[in-house]
Amino acid sequence: MKTEVVEEFSGFFEKWVCQLEEYLQLLLNVSDDHSHESVNHEALVGKVTAHYKDYYTAKWAAAHEDVLAFFSPVWFSPLENAYLWITGWKPSMVFRLVDTVRVTRSPGASLANMSEEQLKKIEVLRGKIRVEEEKVEGEMERQQVAMADRRMVDLARLASRIKGGDSAASQVDGLVEGALKGLLGGLERVMKMADCVRLKTLKGVLEVLSPRQCVDFLSAKSMLQIQLRKWGKKREKSSLKS
């Protein structure tokens with residue numbers, strides 16, 4: 001049974017993806033039309049980045065009510081879920097994307113013309129983000145290990161000995177609820193840490209690139225996200241039919 005938070009965020013996400021598809025078409029059109037000036041590029045990049053920020057604003061608000069929904073999101077297909085890194089895309093994926101777009105040299109792929117200075121800045125950023133990822137992973141590991149600390153083990157032992165009708169059952173339930181609240185708070189904190197690294201990565205890459213390169217980068221990222229979703233949904237439907 002879906003919770004109210006899941007229902008509302010699922011609806012929000014569908015609309016958000018539809019808007020992303022519209023932005024993708026604009027990005028592709030601007031990339032193909034060489035008559036556009038940098039100011040047009042900057043305006044569109046600003047709209048797309050604001051769209052991504054809107055996603056995280058909504059995500060954080062919903063996660064505060066039900067953080068577990070984001071660790072097993074039903075609005076994603078199984079394929080999308082398979083590539084999640086702590087409730088979202090892994091930041092270092094962005095650098096692989098930049099590398100790939102650079103070498104493909106497809107029409108409009110201005111990233112193929114990145115300067116040596118830009119490449120050096122991207123490498124520095126890649127190293128910094130790798131460290132940030134390790135910090136997040138370390139905190140996630142700490143949260144997972146905390147499940148087996150003495151307090152949780154004692155509560156599990158106590159709860160297993162209490163019968164449903166026992167007068168002490170409600171007291172134990174209260175202790176368990178308090179302990180779980182602390183664990184969920186830790187998960188919410190880790191999720192936000194991961195999201196902040198994602199946003200920092202996106203911001204850092206865009207600051208290195210020229211306005212036109214930003215358009216090509218965002219179109220590649222958006223296209224990958226949208227197509228992964230379509231592939232995942234198609235495979236999910238095929239699995240249900242078989």
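The values are calculated or read from the model by the stated rules, or taken from the named source; none is laboratory data. For clarity, every value in this text was computed on a predicted model and none was experimentally measured. For neighbour counting, all protein chains shown are included, and Cβ atoms are generated from backbone atoms with ideal geometry for every residue, glycine included.
What pairs come out if I take residues in segment 42-68 that are at pLDDT 95 or above and pair them with residues that are among the acidic types (Asp, Glu) whose C-beta lies under 6 Å away, six or more apart or interchain?
As it stands, the answer is 56/195; 63/188; 67/188, since those pairs meet every condition given.
Based on this model, can you work out whether residue 151 counts as of a type in the set (Lys, Arg), in contact (Cβ under 8 Å) with a residue 40 or more places away in the chain, assigned to a helix (DSSP H, G or I) and at negative phi? Write out each step before concluding.
Details: of a type in the set (Lys, Arg): yes; in contact (Cβ under 8 Å) with a residue 40 or more places away in the chain: no; assigned to a helix (DSSP H, G or I): yes; at negative phi: yes.
Against the criterion (of a type in the set (Lys, Arg), in contact (Cβ under 8 Å) with a residue 40 or more places away in the chain, assigned to a helix (DSSP H, G or I) and at negative phi), residue 151 does not qualify.
Of everything in segment 1-19 that's free of Cβ contacts under 8 Å to residues at least 24 places away in the same chain and of a type in the set (A, V, I, L, M, F, W, C), which residue is farthest from residue 226 (Cα to Cα)? Full working, then the answer.
Going through segment 1-19, the residues free of Cβ contacts under 8 Å to residues at least 24 places away in the same chain turn out to be 1, 4, 7, 11, 15, 18.
Add one more test, that the residue is of a type in the set (A, V, I, L, M, F, W, C), and what stays is 1, 18.
Working: 1: 27, 18: 9 Å.
Top of the filtered list is 1.
I need a count of the residues in segment 88-125 that are modelled with pLDDT of 95 or more and in contact with a Ser or Thr (Cβ under 7 Å, 6 or more places away or on another chain).
2
Do the conditions hold for residue 205, that is, is it under 25 Å from residue 142 (Cβ atoms), modelled with pLDDT of 95 or more and part of a helix (DSSP H, G or I)? Can you show your working first?
Details: under 25 Å from residue 142 (Cβ atoms): no; modelled with pLDDT of 95 or more: yes; part of a helix (DSSP H, G or I): yes.
So residue 205 fails the test.
Condition first: in a helix (DSSP H, G or I) and within 15 Å of residue 191 (Cα to Cα). Now tell me which residues in segment 64-80 satisfy that.
Kept after step one, since they are in a helix (DSSP H, G or I), are these residues of segment 64-80: 64-65, 67-70, 78-80.
Of everything in segment 64-80, those that are in a helix (DSSP H, G or I) and within 15 Å of residue 191 (Cα to Cα) turn out to be 64, 65, 67, 68, 69, 70.
Within segment 208-238, restricting attention to residues that are among the polar types (S, T, N, Q) and assigned to a helix (DSSP H, G or I), which residue is farthest from residue 40 (Cα to Cα)? Outline the logic, then answer.
Taking segment 208-238 first, the residues among the polar types (S, T, N, Q) are 210, 213, 219, 222, 225, 227, 238.
Filter again for assigned to a helix (DSSP H, G or I), leaving 213, 219, 222, 225, 227, 238.
On the way: 213: 13, 219: 15, 222: 19, 225: 24, 227: 26, 238: 42 Å.
Here the residue is 238.
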